[in-house]
1. Is it fair to say R91 is among the basic types (K, R), buried (at least 22 other Cβ atoms within 10 Å of the Cβ) and over 22 Å from R196 (Cα atoms)?
2. Evaluate the following for T153: is it out of contact with any His (no Cβ under 9 Å at 6 or more places or on another chain), under 24 Å from I232 (Cα atoms) and of a type in the set (S, T, Y)?
3. Could you tell me whether any residue of segment 276-290 is part of a helix (DSSP H, G or I), buried (at least 18 other Cβ atoms within 10 Å of the Cβ), touching a Gly at 6+ places or on another chain (Cβ under 8 Å) and of a type in the set (F, W, Y)?
4. Say whether the condition of being more than 30 Å from L5 (Cβ to Cβ) and at pLDDT below 90 is met by at least one residue in segment 135-151.
Amino acid sequence: MITWLWPWLALLLPLPLLVHRFWPPAHSEEPALRVPFFQRWQLLGQRQARRAGSGNRATLLLLWLLWICLLLAAARPIWIGEPVELPKSGRDLMLAVDLSGSMRVEDMQVGNNLVRRVDAVKAVGADFIGRRQGDRVGLILFGSNAYVQSPLTFDVATVQQFLLDAQIGFAGQETAIGDAIGLAVKRLRERPADSRVLVLLTDGQDTASTIGTMDAARLAQGLGIRVYTIGIGADQLALPGLFGSSFGSRRINPSSDMDEAALQEIAGMTGGRYFRARDPQELAGIYQLLDELEPIEQEAATYRPRQALGHWPLLLALLLSFALTWQHLGPRPAVPATRREVSRGNA
């Protein structure tokens with residue numbers, strides 16, 4: 001079905017006639033020119049006038065078509081498709097991902113290689129988001145500050161891409177867990193009470209929040225938002241010794257700064273669970289557990305796809321303008337002289 005956003009513009013259709021009727025004609029005083037052979041010039045002018053008469057009618061028709069096309073484009077025609085029903089079951093799931101400086105630590109084992117924590121989170125997290133068909137998914141990125149990268153949406157492909165494009169340092173080098181929870185609470189509080197879920201991934205402890213971590217958790221608890229917390233990072237990391245050999249090598253705990261107690265308390269307070277992901281395989285397993293959350297029925301929603309059509313009358317108007325230009329500037333056929341005129345000229 002085609003509809004028009006501004007159909008009242010059709011009232012402007014007779015505007016050229018009104019201008020022609022009521023606008024005073026321009027008067028110009030041009031000097032007269034005395035020429036010889038006036039009758040001969042007059043005869044030629046009459047022939048040209050007859051030819052121009054048919055040309056003027058064609059020009060007038062083109063001008064009217066051009067004016068109609070411009071009005072059609074200005075009225076903004078839109079094609080509206082058939083109603084499409086959106087998924088009516090699912091959760092409002094907000095994913096909060098830590099992008100602080102510590103997420104660049106390479107301690108996530110993939111085969112024989114170590115990859116950065118953030119790369120493992122992005123790869124496995126994107127797959128998790130892609131499987132949340134029927135859920136509204138949103139994305140919060142946090143470091144020294146927290147901000148919404150994507151609001152809650154059924155467009156999980158876009159949220160996936162936003163997560164894959166995220167880079168360390170987008171939000172600063174520190175960790176603001178409390179601010180991330182508070183921002184998620186702000187976005188989820190208007191949603192149905194039984195469907196609010198926050199998945200928080202971090203590798204450290206709160207060092208930069210303007211709101212206390214437990215205060216934010218209590219806000220989430222009061223609104224019935226379940227918070228699932230995931231601690232990212234290996235327990236052990238072997239550091240090579242002298243010149244990359246085993247001499248002088250040592251093992252450290254790269255996750256010593258992680259505040260697991262706070263993450264466990266946040267999850268327990270809000271009715272969620274705490275998970276520990278020491279490698280991408282454990283992280284994938286955690287996401288599979290989260291996939292088992294039972295969906296909550298929500299109100300059905302529909303939308304009708306729309307497509308603007310204004311470019312088609314604009315294209316036709318452009319072609320008509322080319323035709324008018326060609327008519328005025330193109331080659332004109334020569335007017336043949338009569339035998340009598342030729343004989344007079346030879347005389």
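1. On the way: among the basic types (K, R): yes; buried (at least 22 other Cβ atoms within 10 Å of the Cβ): yes; over 22 Å from R196 (Cα atoms): no.
For R91, the condition - among the basic types (K, R), buried (at least 22 other Cβ atoms within 10 Å of the Cβ) and over 22 Å from R196 (Cα atoms) - is not met.
2. Numbers: out of contact with any His (no Cβ under 9 Å at 6 or more places or on another chain): yes; under 24 Å from I232 (Cα atoms): no; of a type in the set (S, T, Y): yes.
Criteria not met by T153.
3. So far as segment 276-290 goes, yes, one or more of its residues are part of a helix (DSSP H, G or I), buried (at least 18 other Cβ atoms within 10 Å of the Cβ), touching a Gly at 6+ places or on another chain (Cβ under 8 Å) and of a type in the set (F, W, Y).
4. From segment 135-151, those more than 30 Å from L5 (Cβ to Cβ) are 135, 137-149; that's our starting set.
Of the ones still in play, those that are also at pLDDT below 90 are 135.
The answer is yes, given that some residue of segment 135-151 is more than 30 Å from L5 (Cβ to Cβ) and at pLDDT below 90.
Condition check ((1) crowded, with 23+ Cβ neighbours inside 10 Å; (2) within 18 Å of the chain's Cα centre (by Cα); (3) without any contact (Cβ under 8 Å) to a residue 40 or more places away in the chain) across all residues:
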residue: V118; (1), (2), (3): yes, no, no
residue: K122; (1), (2), (3): no, no, no
residue: D127; (1), (2), (3): no, no, no
residue: R132; (1), (2), (3): no, no, no
residue: R136; (1), (2), (3): yes, yes, no
residue: P151; (1), (2), (3): no, yes, yes
residue: F154; (1), (2), (3): no, yes, no
residue: A157; (1), (2), (3): no, yes, yes
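The values are calculated or read from the model by the stated rules, or taken from the named source; none is laboratory data. Quick caveat: nothing in here was measured; it's all calculated off a predicted structure. We place every Cβ from the backbone using ideal geometry, glycine too, and count neighbours over all the protein chains shown.
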